[in-house]
Amino acid sequence: MQTSPLPSRHGNPFATCWTRPGALAFRFRSGESAERMVARLAAQNWWGEVVGPHGSGKSTLLATLAPRISAAGLSATSIALRNHEGHLPWQVLRRALSLPHPVVIVDGYEQLSQFSRAALRWRCRRSAAGLLVTSHAATGLPLLAQLQPDLLLVEQLVAELTQCRPAAISPTDVAASHACRGSNVRELFFDLYDRHEVACRAIRTRTESVA
């Protein structure tokens, strides 16, 4: 008996290739937009922070704002810090601050030591540069956005992801995953990825047994 080939990960709507920052557009709440947020950042002299828990969309928001900051005539340089990376790549920072009208964007600001944060702020002020960061908690920079994804937002994101790639999951699966993962949309997508794979395997097994 010939078995069906395993599906490509690209066929799973919750695969990283579809959900990574930049692949899935940030969904703004009613009355908010990228243009309004960039205008607010400009009013704050291009200083601000995006605050939210793990996986709440901070990196996706930065990926949405960065090209619009550049379109406003500024030189935006993005720096992403990994877990336990307590120091900035200072050569990258020096190069960024040498550009005209610089804005330094740091994803994972909370990873930096207190000394590194202070040094970064001092260098940006000395160079008249903007500074936009993400953090899990407020750090004292002007607040630009506070992210706390709810079930309604998650349902909208799932609907967008499954529009072209149908998923073998139900609204009950989405609600159950959100109940477990809360505001961590990244982990929620990982969970839905697994649920989709399990459901697809069950469907294939039933189909093959009938055949």
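Only one of (1) open to solvent by 30 Å² or more (accessible area, probe 1.4 Å); (2) modelled with pLDDT under 90; (3) assigned to a loop (DSSP other than H, G, I, E, B) fails for Pro149. Which number is that?
Tallying (1) open to solvent by 30 Å² or more (accessible area, probe 1.4 Å); (2) modelled with pLDDT under 90; (3) assigned to a loop (DSSP other than H, G, I, E, B), Pro149 fails exactly one: (1).
When only residues in segment 1-13 that are out of contact with any Ser or Thr (no Cβ under 9 Å at 6 or more places or on another chain) and assigned to a loop (DSSP other than H, G, I, E, B) count, which is modelled with the highest pLDDT?
Among those residues, the one meeting the criterion is Asn12.
How many residues are within 11 Å of Arg123 (Cα to Cα) and of a type in the set (Lys, Arg) if we restrict to segment 85-113?
1
Among the residues of segment 5-16, is any within 22 Å of Ala137 (Cβ to Cβ), in contact with a helix residue (DSSP H, G or I) (Cβ under 9 Å, 6 or more places away or on another chain) and open to solvent by 30 Å² or more (accessible area, probe 1.4 Å)?
no
Would you please name the residue that is least open to solvent (accessible area, probe 1.4 Å), looking only at residues in segment 100-121 that are in a loop (DSSP other than H, G, I, E, B) and small (Gly, Ala, Ser)?
Gly108
In segment 178-186, is there at least one residue being open to solvent by 30 Å² or more (accessible area, probe 1.4 Å), more than 29 Å from Ser33 (Cα to Cα) and basic (Lys, Arg)?
No: segment 178-186 contains no residue that is open to solvent by 30 Å² or more (accessible area, probe 1.4 Å), more than 29 Å from Ser33 (Cα to Cα) and basic (Lys, Arg).
If the Cβ limit is 7 Å and pairs must be 6+ apart or interchain, which residue in segment 174-185 that is under 16 Å from His196 (Cα atoms) pairs with which residue that is open to solvent by 40 Å² or more (accessible area, probe 1.4 Å) and hydrophobic (A, V, I, L, M, F, W, C)?
Pairs found: Ala175/Leu151; His178/Leu151.
Looking at the structure I just gave you, is Ala138 touching a residue at least 40 places away in the same chain (Cβ under 8 Å), over 14 Å from Ala80 (Cα atoms) and open to solvent by 20 Å² or more (accessible area, probe 1.4 Å)?
yes
Determine, yes or no, whether Thr205 is surrounded by fewer than 19 Cβ atoms within 10 Å (Cβ to Cβ) and in contact with a Pro (Cβ under 8 Å, 6 or more places away or on another chain).
No.
Quick grid of which residues meet (1) assigned to a strand (DSSP E or B); (2) open to solvent by 60 Å² or more (accessible area, probe 1.4 Å); (3) not acidic (Asp, Glu):
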position: Glu32; (1), (2), (3): no, no, no
position: Met37; (1), (2), (3): no, no, yes
position: Leu41; (1), (2), (3): no, no, yes
position: Pro53; (1), (2), (3): no, no, yes
position: Leu62; (1), (2), (3): no, no, yes
position: Ser70; (1), (2), (3): no, no, yes
position: His84; (1), (2), (3): no, yes, yes
position: Ala96; (1), (2), (3): no, no, yes
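The values are calculated or read from the model by the stated rules, or taken from the named source; none is laboratory data. If you're wondering where the values come from, they're calculated on a predicted model, not measured in any experiment. Every residue, glycine as well, gets a Cβ built from its backbone with ideal geometry; the counts of neighbours run over all protein chains shown. Only protein heavy atoms, including side chains, enter the accessible area calculation; ligands, DNA and RNA are left aside. Shrake-Rupley method; radii C 1.70, N 1.55, O 1.52, S 1.80 Å.
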